[in-house]
Each structure stands twice: as structure tokens, then as C-alpha cells.
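*Asks:* Here it is: the structure, laid out below.
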Amino acid sequence: MDQVNGSVVTEFVLLGLTQSLGMQFLLFLFFSILYLGIILGNLFIVFTVIFDSHLHTPMYVLLANLSLIDLALSSTTVPRMISDLFSDCQIISFHNCMLQMFFIHVTGGVEMMLLIAMAYDRYIAICKPLHYLTIMNSKMCMFLVVAAWITGVTHAVSQFVFVINLPFCGPNNVGSFYCDFPRVIKLACTDTYKLEFVVTANSGFISMGTFFLLIISYIFILITVRQHSSKHLSKAFFTLSAHITVVFLFFLPCMFLYVWPCPTKSLDTFFAIVDFVITPVLNPAICTLRNRDMKVVMTRLSQQLVNFREVT
């Protein structure tokens, strides 16, 4: 790969989170517990949706895919971030840096489209309940999932093909604990102004546009429900509140990371941790504790577990 783009840089230097040994142990414990929660929480949702026939509906199929993507997105950075805490020099190879950037944007693009698909699903369920089964059938659900993956891959490739061919011959300090397009592009030995604009437009403005589109769609749903029946407004708001929370958690850090012109390292690190650690661990909690069907399934599973223990 180095020969392809004429690069003399074979590795990049990542930024350590802290130099304090006590803080390193604290962060190691904190991130390890959260990553374990990300794995267990998101896999619980995926396997619950797969093995419980009551949850074989578009809403929960999309939710299971969102959980799978959250796990994948977190896994692109968190394991390495944990292992680098006690490393004297955080080095990542050129190839691994490129792969990390690519998969961050694939999973991020897929999650973006899944959130749009979930908003569309809720719109049909709340505003057109009589047509829900006709519109949101299995084919439509499969189409939305496939479209999300195609969009995610296209989003990543459209930036990756330009970055992989840049000449890297000078500084190699990324200035963050992970590789990402905006930081790596600045290390190239050429004028990258136009490419930086492309990345900002691709990741930043699309994130911002999608965020406002989703918020407007949720407001439209609530207004529509209020016009038909004000007594159902609180129920609709309760249903949508979990989706709105997930949208805020995912998109606000993205908009800051890709649109903010001069982010400080501390804020940059904070919002990156929110996207890679906090959001993936909170999504399962939000989606299960705020969802009646998931609570019923959890209660049923716990009762089956108690009965199994009594039998054995």
C-alpha cells in the first residue's frame, strides 16, 4: 500500500489520553467496564430479537441492526484505546490507520441511515397505523437495512479513495487517540484544502442535515398525533423520546467533530469518547428500559431462568 501512494510514512503516532499512572488505571477500569457493557447489552438485544418470535417485526429488526452497528463502531477504537493506556508510545501502522478510518465511517454511515429508517418506521406506525403492515413488510425492512449498508460503504469509500492516495512524507502525529480523515489529511505533504472541504461536507454537513431532518420528522409526527387525538400525544412522545435521545447522542458529537472549525484536543477527545463509548452503551439501556415489549421479553426470560434453576 505504501508503494501505491508513494508514502514514506509507515506508521502514525496516536495521542495518549493521560500520563498519570493513577488516571490510567481509573480509565482502564472505566473503559473496560463500559466496553463489556457494550458487548453484553448490544448482543443481548440482537439475540433476543433473533430468538423471540414476538419481536420479529420491522421495528425490532432495525433495533437489532442498530445494536450490531453500535458494537462494531465501538470495536473500531475502544479495544485499542484500552490497550494503549499503558503503552509508552502509541503507534499504529499505516495500514491499520487506514482500515480504522474506513470502518469508522462505514459503521457511522450505516448507523445514520438506520436511525432514518427507524424514524420512518415510527412515522408509519403512529401516523398510518392501518397501513403499517402493508407498508413496513419484510421486503421493505430488508430494503432499508441493505440501503443503510450500501450508503455506509459508499460514504466511507467516497473519502477513503482520496486519502489512501495522498503522499505522507513528513509529520506523522495524528493528535488524537484514533485515526480519522480530518486529522490524517492534515499530515499529507500536499495542499489538502479541497479534500478537507469534501470531508467536512461528506461527514459534517450530512450529519447536520440528517440530524435536523430527523428532529423535524419527530416534531411532524407529534403535531400529526395531536391534531388527531391529543390524548395519544403523551403516548407518542414517550415512544419517540427513546429515538430522540439516541439521535442526540449520536449526531451532536459527529457535528462537533466534523463541522467545528477549531476544536480543542480536550473537547475533541470528549466528544469522540461519547460517540465510541457512551452512546453504544446507553443505546441498549434506552431501547430496552423505555420499550414495553422488550420489558415483557426480559421478564419472560428471567422467569424461564428461575424455572430452569428450580428444575435443576
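*Asks:* Round to the nearest 10 and give me the degree value, 0 to 90, for the angle of helix 94-127's Cα axis relative to the longest principal axis of the chain.
*Replies:* With both axes taken from Cα atoms, the answer is about 20 degrees.
*Asks:* Shifting gears a bit: Cross-link partners among aspartates and glutamates for LYS194, C-alpha distance below 18 Å, same-chain residues fewer than 8 apart left out?
*Replies:* Excluding near neighbours in sequence, the set is ASP180.
*Asks:* Which whole-angstrom value gives the distance between the alpha carbon centres of the range 51-116 and the range 126-164?
*Replies:* 17 Å
*Asks:* Using only the alpha carbons of the range 11-295, determine the length spanned along each of the three principal axes and report them from longest to shortest in whole angstroms.
*Replies:* 62, 42, 31
*Asks:* Of the listed peptides 73-85, 12-24, what is their order by residue-averaged count of other C-beta atoms within 10 Å, with the highest listed first?
*Replies:* On the way: 73-85: 19.4, 12-24: 14.3.
Averaged packing, sorted descending, gives the order 73-85, 12-24.
*Asks:* Which of the three applies to the range 141-277, rounded, prolate or oblate, going by the alpha-carbon gyration tensor with a ≥ b ≥ c and a/c under 1.5 meaning rounded?
*Replies:* Working: a/c = 3.00, a/b = 2.15, b/c = 1.40.
Prolate is the answer for the range 141-277, as a/c is 1.5 or above and a/b outweighs b/c.
*Asks:* So, one more: Can you tell me the 0 to 90 degree angle between the C-alpha axis of helix 138-163 and the longest principal axis of the chain, rounded to 10?
*Replies:* Once rounded, one gets 10 degrees.
*Asks:* If Rh is defined by the Kirkwood formula over all Cα pairs and Rg also comes from Cα, what ratio Rg/Rh do you get for the range 176-254?
*Replies:* A ratio of 1.23.
*Asks:* I would also like to ask the following. Rg and Dmax of the range 60-117, using alpha carbons, in Å: what are they?
*Replies:* Rg, Dmax (Cα atoms, Å): 13.8, 44.
*Asks:* Report the extension gain between ASN96 and PHE47 in nm, rounded to one decimal, defined as 0.36 nm multiplied by the number of residues separating them, less their alpha carbon distance.
*Replies:* Working: separation 49, 0.36 × 49 = 17.64 nm, distance 3.02 nm.
Additional length available on full extension: 14.6 nm.
*Asks:* Once the other residues with Cβ under 14 Å from the Cβ of LEU114 are scored (Lys, Arg +1; Asp, Glu -1), what is the net sum?
*Replies:* Details: positive: ARG122; negative: ASP70, GLU111, ASP121.
Net charge in that neighbourhood comes out at -2.
*Asks:* Rounded to the nearest 10 degrees, what's the angle between the helix 292-311 long axis and the longest principal axis of the chain, both from Cα atoms, 0 to 90?
*Replies:* 80 degrees
Bear in mind that the values in this text are calculations on the coordinates, not laboratory data. Please read all numbers here as calculations on a predicted model, not as lab measurements. So basically every Cβ, Gly included, is an ideal-geometry build from the backbone, and we count neighbours across all protein chains shown.
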